[in-house]
1. Within segment 234-245, restricting attention to residues that are buried (at least 17 other Cβ atoms within 10 Å of the Cβ) and more than 16 Å from ligand 1 (Cβ to nearest atom), which residue is farthest from T200 (Cα to Cα)?
2. Specify which of the listed residues (V304, V340) is modelled with pLDDT of 95 or more, of a type in the set (V, I, T) and within 16 Å of the chain's Cα centre (by Cα).
3. Answer with yes or no whether T121 is in contact (Cβ under 8 Å) with a residue 12 or more places away in the chain, in contact with an Asp or Glu (Cβ under 7 Å, 6 or more places away or on another chain) and more than 16 Å from ligand 2 (Cβ to nearest atom).
4. For R243, work out the one condition from (1) within 15 Å of ligand 2 (Cβ to nearest atom); (2) out of contact with any Asp or Glu (no Cβ under 6 Å at 6 or more places or on another chain); (3) basic (K, R) it doesn't fulfil.
5. Restricting to segment 93-121, name every residue that is buried (at least 18 other Cβ atoms within 10 Å of the Cβ) and out of contact with any Pro (no Cβ under 8 Å at 6 or more places or on another chain).
6. Considering every residue within segment 280-295, establish whether at least one is of a type outside the set (D, E, K, R), out of contact with any Phe, Trp or Tyr (no Cβ under 7 Å at 6 or more places or on another chain) and without any contact (Cβ under 8 Å) to a residue 12 or more places away in the chain.
7. Is it the case that segment 197-209 has a residue that's among the polar types (S, T, N, Q), out of contact with any helix residue (DSSP H, G or I) (no Cβ under 9 Å at 6 or more places or on another chain), without any contact (Cβ under 8 Å) to a residue 24 or more places away in the chain and open to solvent by 10 Å² or more (accessible area, probe 1.4 Å)?
8. Does segment 160-174 contain any residue that is within 16 Å of ligand 1 (Cβ to nearest atom) and surrounded by 18 or more Cβ atoms within 10 Å (Cβ to Cβ)?
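The values are calculated or read from the model by the stated rules, or taken from the named source; none is laboratory data. It should be emphasised that the depicted structure is a prediction, and the values quoted were computed from it without experimental measurement. Ideal geometry is used to build each Cβ from the backbone, glycine not excepted, and the neighbour counts take in all protein chains shown. Accessible surface areas use protein heavy atoms only, side chains included; no ligands, DNA or RNA. Shrake-Rupley method; radii C 1.70, N 1.55, O 1.52, S 1.80 Å.
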Amino acid sequence: AAHSTPSEATKPAAPVVHDTPAANEPPTSFKYVLIGGGTASYSAMLGIRELDPTGEILIITAEPYAPYQRPPLSKELWFKGANAESLEFTNWQGEQTSLMYQPASAYESPAADLVPTGEGTKLLTNARAVALDVDAQTITLESGTVVKYDKVLLATGGTPRKLAVQKGLPEVAQRRVVTYRTVDDFKKLTQVVSGDEGKTKKVAVIGGGFLGSELSVALAQKDGVDVTQVFPEEGNMALVFPRYLTKWTTNQITSEGVTVLPKSTVTSLAYDDEADKILVQVNNGDSPLAVDHVVVAVGIEPNVTLAKNAGLEIDPVRGGIAVNAELEARHNVFAAGDNVSFHDVVLGRRRVEHYDNAVLQGRWAGRSMAGKPKAFTHQSMFWSDLGPKIGYEAMGVLDSSLVTVGVWGHQQTDASSVPAAAADGAKTDAPLGKPPGSEEFRKGVVFYVRDDKIVGVLMFNVHGKVDVARRILLEGRKPAEANELAAKFDIFA
Ligand code: FAD
Ligand code: NAD
């Protein structure tokens, strides 16, 4: 399963505008402060540097690492060629690469007491911003240090949700019921599943979405790891895929060695100190699963506390920081990535929890901060890989409660022999163009429909066609055109 490189790669472009540093007087504020050590923050740094090669940037991250990308944490880092210590790995394209965008040594350390110097890119790790004052233009750190900014970016991402039932567990068991989002989470889980030679480790993964499904498949292919995935929906990715595809995907994940327990809610967690196991009680009437470790993957809460306490508007529906088209929440305060509610010119107000969105919004916000504000109009893509057999790319709104029209290719047919697309409007779970009598969804395109317009495109085992999907959304194409449009994705080859 290989995916194409996300659009607008993270490489810096040639700088075009040269700023003159302030004359004589030492600066009292940082020209740019970026809060966050993830993709949106790093991309904003690149966006700023396109326009302002020297202006001082201070990146503040709560993590002990230089900014890094998260997607390989549930994919390539678990597969052959990965080094859990150096965080280097072989990507699906076969290239050797690193989780870190740049080594920490590529950044400068801030001056003592965080005194601004007027130039350079400074990285402050293990530092949490705890307050934002948008009038005084200051950030207060957990250490008590106050940093003044000219422009600030809130790129604080999200925090994984926990289960209510994990609260009562004793400390010894708490350590073994974990959420999963960071390098440290990866390192801990690696230790858990690679200890005790010859002894099988039992892991329960709670959640049937992107993270739960990817991580279950990645863990199951490791020797000596036994994975049970538990979630309330009918099958894997049921909130995203149409029902037939969820069913097929669940079967595939099962054949990768994962024991999948759909329609299952965890009603309690307990610790058996004699057996030294976590007992996961599920509402299916069976006796509890006894496991060594539990990974909770039940979604995230966007990190908006700084913004909220500063009096900025939070979208009450989507939970993100409300920004205008230029990704500005208030004068000189920008936001980008998972924690942002933005106006999508084609699809309406949205909050998106995917990588390419963080890359693009970060880049856009960075350029805006450096003085070239421009409406964010780019339609981002996303992708997922569920082991070697399933890989997909997607664009727009993928919500399984919408009407979907799926067109599936197979070796013996061409576009002209595919049945006509479903009648408009009616909710259909039936895929079109599926090989008769086969449950094989080898390659296909699913269109998601709202108000008789295609608002989402899922490209299943189809790669490198995101531009085609983007055009379909921009042009507001109709579901009745599904077959004609599907032919553009080469699914019949
Ligand atoms: P984050 O990456 O969450 O970064 C936020 C940063 O802010 C963190 O470093 C955090 O410590 C820091 N921070 C938070 N609060 C503060 C504070 N007060 N002070 C200082 N620092 C703070 N998307 C895809 O499209 N495809 C994939 O295959 C894919 N795989 C993924 C796999 C995993 C395991 C995970 C967890 C996510 C995956 N995603 C994927 C989603 C993608 O990684 C996110 O959308 C992206 O990381 C969002 O970037 P961000 O910069 O907005 O937030
Ligand atoms: P998600 O929103 O994709 O899935 C949440 C899942 O939680 C649901 O599918 C449901 O099964 C489950 N759930 C919710 N409440 C539950 C409960 N009480 N008990 C059991 N299950 C419950 O979130 P995630 O899978 O946790 O992923 C975390 C974040 O990382 C998300 O922002 C996601 O988009 C991102 N991520 C993205 C990718 C990708 O784009 N390929 C991959 C991994 C992670």
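1. Across segment 234-245, the extreme among qualifying residues is P242.
2. Checking each option against the conditions leaves just V340.
3. Considered against the rule, which asks whether it is in contact (Cβ under 8 Å) with a residue 12 or more places away in the chain, in contact with an Asp or Glu (Cβ under 7 Å, 6 or more places away or on another chain) and more than 16 Å from ligand 2 (Cβ to nearest atom), T121 comes out as yes.
4. If we test R243 against (1) within 15 Å of ligand 2 (Cβ to nearest atom); (2) out of contact with any Asp or Glu (no Cβ under 6 Å at 6 or more places or on another chain); (3) basic (K, R), just (2) comes out false.
5. Y107, P110, L114, T121
6. Scanning segment 280-295, I find at least one residue that is of a type outside the set (D, E, K, R), out of contact with any Phe, Trp or Tyr (no Cβ under 7 Å at 6 or more places or on another chain) and without any contact (Cβ under 8 Å) to a residue 12 or more places away in the chain, so the answer is yes.
7. Among the residues of segment 197-209, not one is among the polar types (S, T, N, Q), out of contact with any helix residue (DSSP H, G or I) (no Cβ under 9 Å at 6 or more places or on another chain), without any contact (Cβ under 8 Å) to a residue 24 or more places away in the chain and open to solvent by 10 Å² or more (accessible area, probe 1.4 Å), which makes the answer no.
8. Yes, segment 160-174 has at least one match.
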